[in-house]
Amino acid sequence: MKVLKRMLKSTINLKKRTLILGLLFLVVLTFLISGSAVQQSLKEVLNTNRDKVNAIVSININLDTIMQEMMSADSGKSKKSD
């Protein structure tokens, strides 16, 4: 009980410090809550857009063309070295 009394007296006696700490606490909490709300809404927007767009990307590699280019490059080098 003494701790609570001392805390109350300290709060009343040090009004300026209590006000500054209270305002700082309020500002930090406001930023945390607003940041969390923004993050949540951005996740919802991302999921909504992902469902609407439904983009599918496929990559096909033409190995025959790559091998032909490599062979023609190798044959060009061997001719130059002779």
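Derivation of every value follows stated rules applied to the coordinates shown; laboratory data play no part. As the structure is a computational prediction, the values presented were derived from the model and not from experiment. Here Cβ is always computed from backbone atoms with ideal geometry, including for glycine, and neighbour counts include all displayed protein chains.
Observations on the structure shown:
- Rounded to the nearest 20, the Cβ-based charge dipole of the chain about its Cα centre (Lys and Arg +1, Asp and Glu -1) stands at 1540 debye.
- Compared with the dominant Cα axis of the chain, that is its longest principal axis, helix 2-13 is turned about 90°.
- Taking the chain as a Gaussian network of alpha-carbon nodes connected by springs under 10 Å, the highest mean-square fluctuation of the residues LEU21, LEU63, LEU46 belongs to LEU63.
- The C-alpha atoms of the chain define a longest principal axis, and helix 63-81 lies at about 60 degrees to it.
- Comparing ILE61, ILE33, ILE20 in a Gaussian network model of the chain, where Cα atoms under 10 Å apart are tied by springs, the biggest mean-square fluctuation is seen for ILE61.
- Potential lengthening between VAL57 and LYS5 on full extension [0.36 nm per residue; Cα-Cα distance subtracted]: 12.0 nm
- Angle in degrees between helix 15-53 and the longest Cα principal axis of the chain, rounded to the nearest 10: 30
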